[in-house]
Amino acid sequence: MKITIHRGANQIGGCITEITIGNAKVFIDFGSNLPGSQQKELTAVEVERMTSDADAIFYSHYHGDHVGLHHLVPNHVAQYMGSGAIDVMRCKYEALNTSQDFSQQLAATERMIPFKERERIVIKNSIAVTPYFVSHSAFDAYMFLIECEGKKILHMGDFRRHGYLGKGLFPTLEKYIGKVDVLITEGTMLGRKQEQIVTEHQIQLNTIQALRNHKYIFALCSSTDIDRLASFHASCKATIRVFLVDEHQRKVLDIFTDYSGKKNPLYNFDHVFELRGYKSYRIEKITNHLKGKGFLMPVRMNSLWLIEELMQVFTDESPWLLYSMWNGYAEENGKNSLENIMAIRRLFGTRILDGVKDGFHTSGHADVRTLQEVCEAVNPSIGVIPIHKDAEAQYDSRDFRVFEEGQTTIDGIEIDMN
């Protein structure tokens, strides 16, 4: 057996892990580089060369740094993902395809094969892959147990404990996974140990207080972060504010509700007011309703024009920005700063409820303590492969062997970390 970390050992995002045995070959994730990355992206020719003889690719979730190159994979390669995640991706690309050509991405998404949690998929009688749910800042996210040659490899994907459903992590590890031989785990927070970890429940409480203090709030956040949107939705219900959304956001929320709303009321987005049609917010009846109630509106990086329009209509009180994204995107002249985000922030001056600092954002990734406890829970006999981490970030462990760059063969497994 050979485990190859093509990308991820020295960067956050762009994750590509390959596992081969004999003539069987699978990948876990095939992501693109994150925005602002200085790393050169793979070409279509390179992706085809890497995957043309692959049997399958399994995607942990729909974030671009894990699935962003899926449309370049040859059509004959089976690509698997959770059914809810496929629907979110389809919704995303349908929206993008109205203004740009995303037809290739949309067609590749339509070819995705949905898997079910705890359903074991066997490739050429050689590699078995079983997905298990994890809590992340993406809906329908999974870790994978890979069984091959009598060995057990656990690929964690992206995960955390401090989301609403994070309490299920360790019971799942204990009941279904047990001890493993190799643990492949993300290490995003290894380089951000000083970053405060706020629970999603605390963000909800902070947002309730913000809505009591401010009549109009625009929340700059991911349109597919189910936990964050659930926090904002619950806060609006608690304060009788309007949870205001545009057409695209409503479609995403409907997917969340269809898949999870019946099992968990937190994800039943029933308190939603949708702006239908261009400039519907200028209709007097709608304007009066929103002025009477006040609102929180989730917005995205491309929402600058909409925010500017709404700020011209709702002038009785100054609106505030609730910034609920990673602070690296908002650093002046930072290597990861994004101009669209900076432009939106400039509209609000000092009227910003600012991310982790003010308690309105938290990481989608496991803190260092959780990473350590996962290692202890699955007790990898061969060692730990940390991925999805900064090049300078190190996983320090006295109890387990940690693999870094280079090639190693141990206990019948060849490990190649690029």
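Just so it is clear, none of the values below were taken in a lab; they were calculated from the coordinates. The structure presented is a predicted model; accordingly, all values stated were derived computationally and were not measured. Positions of Cβ are generated from backbone atoms using ideal geometry, with glycine treated the same way; all protein chains shown enter the neighbour counts.
Taking a point 7 angstrom from the Cα of His201 along the C-beta vector, which residues in the stretch 166-185 have backbone N less than 19 Å away?
Inside the label zone: 166-172.
P(r) of the stretch 144-232 in 10 Å steps, Cα pairs, percent per bin?
Spelled out per bin, shortest first, that is 13, 34, 29, 16, 7, 2, 0.
Over the stretch 73-186, what per residue volume does the convex hull of the Cα atoms give, in whole Å³?
Working: hull volume 13.7 nm³, N = 114.
In the stretch 73-186, the Cα convex hull volume per residue is 120 Å³.
Could you tell me the relative contact order of the stretch 282-399? Use alpha-carbon pairs under 8 Å, at least six residues apart, and round to a whole percent.
Relative contact order, the stretch 282-399: 21 percent.
Pop the C-beta distance of Glu404 and Gln372 into the FRET formula with R0 = 25 Å and round what comes out to the nearest 0.05. List each step's numbers first, then the result.
Numbers: r = 18 Å, r/R0 = 0.71.
E between Glu404 and Gln372, to the nearest 0.05, is 0.90.
List the pairs from Lys92/Lys263; Lys152/Lys179; Lys92/Lys116; Lys40/Lys389; Lys152/Lys175 whose alpha-carbon separation is above 20 Å, in the order I gave them. Walk me through the numbers before you get to the answer.
On the way: Lys92/Lys263 24 Å; Lys152/Lys179 8 Å; Lys92/Lys116 22 Å; Lys40/Lys389 17 Å; Lys152/Lys175 15 Å.
Lys92/Lys263; Lys92/Lys116, as the Cα separations exceed 20 Å there.
Using only the alpha-carbon atoms, how far is helix 304-313 inclined from the longest principal axis of the chain? Give it as 0 to 90 degrees, nearest 10.
Long axis of 304-313 versus the principal axis of the chain: about 20 degrees.
Can you list residues whose amide H is under 5 Å from Ile410's amide H, if they're 5+ apart or on another chain and H is modeled 1.01 Å from N?
Correct list: Ile415.
Expected output is a single nm value to one decimal: the length gained when fully extending between Lys279 and Arg250, i.e. 0.36 nm times separation in residues minus the C-alpha distance. What is it?
Contour length minus the Cα-Cα distance gives 8.8 nm.
On alpha carbon coordinates alone, what is the Rg over Rh value for the stretch 253-361, Rh being the Kirkwood radius?
Working: Rg = 16.0 Å, Rh = 16.0 Å.
Rg divided by Rh gives 1.00.
Taking the dipole about the Cα centre of the stretch 165-229, with the C-beta of Lys and Arg at +1 and of Asp and Glu at -1, give me whichever of Leu173, Ile184, Gln194 is farthest to the positive side.
The Cα lying farthest towards the positive end belongs to Gln194.
Using only Cα atoms, tell me the angle between helix 200-213 and the longest principal axis of the chain; keep it within 0 to 90° and round to the nearest 10.
Value to nearest ten degrees: 10.
Given the stretch 277-418 reduced to its alpha-carbon atoms as identical point scatterers, what log10 I(q)/I(0) does the Debye formula return at q = 0.10, 0.11 Å⁻¹?
Log10 of I(q)/I(0), two decimals: -0.58, -0.65.
Please build a GNM for the chain, connecting alpha carbons under 10 Å apart, and tell me which residue among Lys151, Lys262, Lys40 fluctuates the most.
Lys40
Can you work out ³J(HN,Hα) from phi for every residue in the stretch 218-229, in order, using Karplus 6.51 cos²θ - 1.76 cosθ + 1.60 and θ = phi - 60°, giving whole Hz and x for Gly and Pro?
Karplus values, whole Hz, x for Gly and Pro: 9, 9, 7, 7, 5, 6, 10, 8, 4, 5, 5, 5.
If I model a spin label as a point 7 Å beyond the Cα along the Cα-Cβ vector, how far apart are those points for Glu317 and His271 in nm?
Reported label-point gap for Glu317 and His271 is 1.6 nm.
Sort out for me the Cα centre separation of the stretch 277-326 from the stretch 112-142, rounded to whole Å.
Cα centres, the stretch 277-326 to the stretch 112-142: 39 Å.
Which far-off residues, 5 or more places away or on another chain, put their amide H under 5 Å from the one on Val134, with H placed in the peptide plane?
Ala141, Tyr142, Met143
Specify the residue with the greatest mean-square fluctuation among Gln249, Gln79, Gln209, computed from a Gaussian network of the chain linking alpha-carbon atoms under 10 Å apart.
Of Gln249, Gln79, Gln209, the most mobile in the Gaussian network model is Gln209.
Can you give the extra length, in nm with one decimal, that the chain gains between Asn418 and Gln194 once fully stretched, where that is 0.36 nm per residue apart less the Cα-Cα distance? Provide the component values of the computation, followed by the final result.
Values: separation 224, 0.36 × 224 = 80.64 nm, distance 2.79 nm.
Extra length from Asn418 to Gln194 when fully extended: 77.9 nm.
Determine which aspartates and glutamates satisfy two conditions relative to Lys215: a Cα distance under 13 Å, and not lying fewer than 8 residues away in the same chain.
Cα-Cα hits under 13 Å: Asp316, Glu317.
Could you work out how much longer the chain between Arg346 and Lys40 gets when fully extended? Use 0.36 nm per residue separation minus the Cα distance between them, nm to one decimal. Walk me through the numbers on the way to the answer.
Numbers: separation 306, 0.36 × 306 = 110.16 nm, distance 3.06 nm.
Using 0.36 nm per residue and subtracting the Cα-Cα distance, I get 107.1 nm.
Hey, what's the per residue convex hull volume over the C-alpha atoms of the chain, in cubic angstrom?
On the way: hull volume 56.3 nm³, N = 418.
Cα-based convex hull of the chain, divided per residue, equals 135 Å³.
Running a GNM on the chain with Cα contacts under 10 Å, which residue among Val313, Val47, Val129 ends up with the highest mean-square fluctuation?
Val313
Rounded to whole Hz and in sequence order, give me ³J(HN,Hα) for the stretch 327-341 from the Karplus expression 6.51 cos²θ - 1.76 cosθ + 1.60, θ = phi - 60°, writing x for Gly and Pro.
5, x, 6, 10, 7, 4, 6, x, 5, 10, 5, 10, 4, 4, 5
Please give the helix 83-96 orientation as an angle from the longest Cα principal axis of the chain, in degrees from 0 to 90, rounded to the nearest 10.
50
Give the long-range amide H neighbours of Trp320: residues separated by 5 or more places, or on another chain, with amide H under 5 Å away, using H modelled in the peptide plane at 1.01 Å from N.
Here the answer is Tyr216, Ile217, Phe218, since their amide H atoms fall under 5 Å of that of Trp320.
What list of ³J(HN,Hα) couplings, whole Hz, do you get for the stretch 370-383 from phi and the Karplus terms 6.51, -1.76, 1.60, once you set θ to phi - 60° and write x for glycine and proline?
Once rounded to whole Hz, the list reads 5, 4, 5, 5, 5, 4, 5, 5, 9, 6, x, 6, 8, x.
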